[in-house]
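The values are calculated or read from the model by the stated rules, or taken from the named source; none is laboratory data. Bear in mind that the values here come from a model prediction, so they are computed numbers and not experimental data. Don't worry about glycine lacking a Cβ; one is built from the backbone with ideal geometry, like all the others, and counts go over all protein chains shown. Surface accessibility is based on the protein's heavy atoms, side chains included, excluding ligands, DNA and RNA. Shrake-Rupley method; radii C 1.70, N 1.55, O 1.52, S 1.80 Å.
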Amino acid sequence: MSDAFNKISIIGMGYIGLPTAAILANQGIEVVGVDKNPKVVKTINQGQIHIVEPDLDTLVRKMVKAGKLRAAEQVEASQAFIIAVPTPLKSDNTPDMTFVESAARAIAPVLQKNNLVILESTSPVGGTESVANWLAEERPDLTFPHQAGDLADIHIAHCPERVLPGHILRELVGNARIVGGMTAKCSVRATALYKTFVKGECYTTDARTAEMAKLTENAFRDVNIAFANEISLICDQLDINVWNLIDLANHHPRVNILRPGPGVGGHCIAVDPWFLVHSSPEHSKLIHTARTVNDSKPQYIINKVKRIADSLKAPVIACMGLAFKADIDDLRESPSVKIVKQLAEADIGDILAVEPHIDALPEDFQNLKNVSLTGFEKALEQANIILLLVDHQVFSNVDPVALKEKIIIDTKGLWA
């Protein structure tokens, strides 16, 4: 079989899988996007998208119309398979590889010799080896890298995504990639696939190092955010403007303190460091502490809002933003969602949730009678407490007059 990639299947049509599918299709490759959700499949096949990402709608519509991109609920035979499904945390903060295992076992029946399987999903160290084992269990008629090395029938690699929501299409092409093959040949084949669209460098290594690199990148960010969040708590106690403090401290030529916030969200930074803690608890004390600091920040804000609300006769709290970062619709692991939900459950007043990038509140909000999704201007008019949780661009243009006589809790420093 030729080493060319004429057809690629991507398992998981989420925030990484769908943009990757569209970009690969744009290179003239036939791409099948596989997803278990029939609504997602139908939406894509209509040339539409189910997530918010700049310019993605145009590219998907173009590729579907050109016949290069389509979606399906079942995996089809292809030259290469990319697994881009979630790897969430279990309730005990250990990795949940259920979706990855399901994807691997779904791929197994259609595997053919010389196929390439790439795990893009962030995984604990050893996750790629688990994929190889699951595939081998399903297909004893084929050989895999852990069994036959470079002579294996199937090539397997880990290539973690490292893109910023809101800039995914640009960063998928421009960012450097780490390609970790289970063997040297696996790395070569995986690099050949990514080089069909990646203009950044592709750095080859082994699968375990690639897995560790992604976890390390996100743990680094988490630790630095935790420092900023801890400084913000100290400043709050000492009545010091943390935003002014950080600006002053950052004038030091070797200091670059990040901006604090209401916590840490998203599918990476809020999750991945726990994978390292799980793998080596005795040697990850700083990483564990950083996770604890960042995970505790939402409760600190909740308690602060409660104290202020208790001093008012009829508190109306406008919670500005639900997404985990600015100018996107992604609510995954969002500390803002946790804060707003717990404030509503505490029944301390009316809650006006303002999130311009979604059309309806999350499902677990539906039974809460005192919270509603409201427009920006209406919330500013009705609320007496303004809780800024996300620095969406639309919030930055607020008229200062509209904030007068309001109690402002700005967790992002947007109005500082």
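Computed quantities for the displayed model
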quantity	calculated
Trypsin sites (Lys or Arg not before Pro) within region 281-317: DSSP coil, no more than 11 neighbouring Cβ in 10 Å	Lys313
From phi via Karplus (6.51, -1.76, 1.60), per-residue ³J(HN,Hα) for region 349-360 in Hz, x at Gly/Pro	x, 7, 10, 10, 8, 10, 9, x, 9, 10, 9, 8
For the chain, calculated [θ]222 nm from helices alone, where every DSSP H run of n ≥ 4 adds -39500 (n - 2.57)	-12500 deg cm²/dmol
Accessible-area ranking of Phe144, Phe324, largest first, probe 1.4 Å	Phe324, Phe144
Cα-based Rg / Dmax (Å) for region 13-113	14.2, 46
Kirkwood-based Rg to Rh ratio, the chain, C-alpha trace	1.01
Residue of Leu215, Leu233, Leu59 that the Gaussian network model of the chain assigns the largest fluctuation, springs spanning Cα pairs under 10 Å	Leu233
With all protein chains modelled, accessible area of Ile301 [1.4 Å, Å²]	10
Partner lysines for Lys68 [C-alpha distance under 22 Å; skip if fewer than 8 residues away on the same chain]	Lys7, Lys36, Lys39, Lys42, Lys195, Lys199
The chain - percent relative contact order, Cα under 8 Å, separation 6 or more	11
Cα-based Rg of region 102-232 normalised by 2.2 N^0.38 Å, two decimals	1.16
Three-way shape call for region 273-357 based on the alpha-carbon gyration tensor, with the a/c threshold at 1.5	oblate
Under 5 Å, built H, 5+ apart or other chain: amide partners of Gly181	His158, Ser187, Thr205, Ala207
P(r), alpha carbons of region 175-244 - 10 Å bins starting at zero, rounded %	19, 30, 19, 15, 14, 4
Cut-off 11 Å between beta-carbons: net charge of the residues surrounding Ser78, Lys and Arg +1, Asp and Glu -1	-1
Contour minus Cα-Cα distance for Val110 and Asp141 (0.36 nm per residue)	9.9 nm
On Cα atoms only, tilt of 335-345 relative to the major axis of the chain in degrees	50
³J(HN,Hα) computed for each position of region 240-246 - Karplus, 6.51 cos²θ - 1.76 cosθ + 1.60, integer Hz, glycine/proline x	10, 6, 5, 5, 5, 4, 5
Anchor Lys306: lysines whose Cα lies under 20 Å away (excluding residues fewer than 8 positions away in-chain)	Lys297, Lys338, Lys341, Lys369, Lys406, Lys412
Surface share of carbon and sulfur [accessible, 1.4 angstrom probe, percent] for the chain	52
Neighbourhood net charge (14 Å Cβ-Cβ; Lys/Arg +1, Asp/Glu -1) for Cys268	-3
Probe 1.4 Å - accessible area at Leu56, Å² to nearest ten	0
Separation between Cα centres of region 300-350 and region 208-276, rounded to whole Å	21
Rounded, prolate or oblate (a/c below 1.5 giving rounded, otherwise prolate when a/b exceeds b/c) for region 54-104 by Cα gyration tensor	oblate
